[in-house]
Ligand SMILES: [Zn+2]
C-alpha cells in the first residue's frame, strides 16, 4: 500500500511532468472505484490547466488555474503511469512501487495532454478521484484530518495534551488520521523503534521527552524515506529508473526474529498484531 513517502514521489513526478499543461480529454474505462467517478468528470477536467500538483497526507491534489481541484487517492494498489504518445517508454510508473511498466489490465482512467497521457491503474479499486469546486470545499474535505508530521501544529504541546488521559496505545494513535495524517503501518513501527517506545504503551503514560522523540523521529523517518525514493517491498524502479531503497534500511519492519540493530542491544525483533496491523519492535530497548 502506498504510504506518504510513496505518494510524495508520485506528486513530485506528476508536478514535474504536467505543471502548466492543458488537459485535452479524459477517457474513463471503469467508473467503479471506491467513489464512483461522476458523469461530469471528463467535462470538468477538459481544457483545465494544471497550476501545480500538491499533496496532503496521502491525497494528491491537482490544482487548476481557475482554483478548482481534483483529489486523487491511490487506495491500496493505485499507481499513476505516464505514457508518451507514439513512443514506447520503458518505465511509465511515476513512483517505484508496483509495476514499473504500464500493466495491461486495470487501467481505469486516462487523462490526455498534448504529448502524453496520465493513466490511473488500480487492480483493487480502493482509490478514488474527487472533484472540488473551490478552496473552501477543499479545506472542508480535509478539516477532519490531523496535521502532517511536517506541520508546525504537530508539536509537543499538541501531542502531549492530545494524549492526556487516553488509554489506547501509541501505535494505534500513530495510525489514527484524526491525530496525525500520513503515518502508515511500516513507518509507525520504525518511528517507535528510534523513539525507544514500545508500541503497546498507553499514550497517557508517555513522558514529555518520549513525545518529543516521537515527533522528532516521525519527521526524520518520513523525510528519509522520501529522500530515498520511498519504500517498496518488492524491487521496483520509478520513471527515471531509480530504485526505491528505503526498504533496505528498515530497522524493525518485517525483521521478526532477527537481531535488534541497536548498538549493543541483545534483543530479537518481535512481531505483534496491534489494531489488526503487524507491528514490529524490540522488547529490550523499547520501553
Ligand atoms: Zn533492541
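The values are calculated or read from the model by the stated rules, or taken from the named source; none is laboratory data. Note that the structure is a prediction, hence the values are computed from the model and not measured. Reconstructed Cβ throughout: ideal geometry from the backbone, glycine too, with neighbour counts over all protein chains shown.
Listed values, structure above:
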| read-out | value |
| --- | --- |
| Residue count for region 198-224, restricted to those that are out of contact with any strand residue (DSSP E or B) (no Cβ under 9 Å at 6 or more places or on another chain), crowded, with 23+ Cβ neighbours inside 10 Å and within 18 Å of residue 261 (Cα to Cα) | 1 |
| Residue that is modelled with the highest pLDDT, among those in region 75-89 that are surrounded by fewer than 16 Cβ atoms within 10 Å (Cβ to Cβ), in contact with a strand residue (DSSP E or B) (Cβ under 8 Å, 6 or more places away or on another chain) and assigned to a loop (DSSP other than H, G, I, E, B) | 85 |
| Members of region 182-197 found to be touching a helix residue (DSSP H, G or I) at 6+ places or on another chain (Cβ under 6 Å) and either closer than 16 Å to residue 276 by Cα or crowded, with 20+ Cβ neighbours inside 10 Å (or both), listed by number | 182, 183, 187, 188, 190, 191, 195, 197 |
| Residues of region 169-191 classified as assigned to a helix (DSSP H, G or I), touching a residue at least 60 places away in the same chain (Cβ under 8 Å) and closer than 27 Å to residue 143 by Cα, total | 8 |
| So residue 138, is it assigned to a loop (DSSP other than H, G, I, E, B) and within 19 Å of residue 70 (Cα to Cα) | no |
| Cβ-Cβ under 7 Å pairs, at least 6 apart or on other chains, region 157-168 side on the phi > 0 side of the Ramachandran plot and part of a helix (DSSP H, G or I), far side at pLDDT below 95 and surrounded by fewer than 17 Cβ atoms within 10 Å (Cβ to Cβ) | none |
| Residue within region 233-243 that is under 20 Å from residue 175 (Cα atoms) and at pLDDT below 95 present | yes |
| Among (1) within 17 Å of residue 4 (Cα to Cα); (2) at pLDDT 95 or above; (3) within 15 Å of the ligand (Cβ to nearest atom), the one test that residue 250 misses | (2) |
| Residues located in region 110-122, provided they are crowded, with 16+ Cβ neighbours inside 10 Å and either out of contact with any strand residue (DSSP E or B) (no Cβ under 7 Å at 6 or more places or on another chain) or assigned to a loop (DSSP other than H, G, I, E, B) (or both) | 113, 122 |
| Subset of region 254-281 (residues that are within 13 Å of the ligand (Cβ to nearest atom), in a strand (DSSP E or B) and under 15 Å from residue 187 (Cα atoms)) | 280, 281 |
| Number of the condition not met by residue 70 [criteria: (1) at negative phi; (2) out of contact with any helix residue (DSSP H, G or I) (no Cβ under 9 Å at 6 or more places or on another chain)] | (2) |
| Residue under evaluation residue 135, criteria (1) in contact (Cβ under 8 Å) with a residue 24 or more places away in the chain; (2) within 26 Å of residue 205 (Cβ to Cβ); (3) surrounded by fewer than 16 Cβ atoms within 10 Å (Cβ to Cβ), criterion not met | (2) |
| Matching option when the condition is within 30 Å of residue 22 (Cβ to Cβ) and under 17 Å from the mean Cα position of the chain (by Cα), among 128, 150 | 128 |
| Residue in region 97-109 that is in contact (Cβ under 8 Å) with a residue 12 or more places away in the chain and touching a helix residue (DSSP H, G or I) at 6+ places or on another chain (Cβ under 6 Å) present | yes |
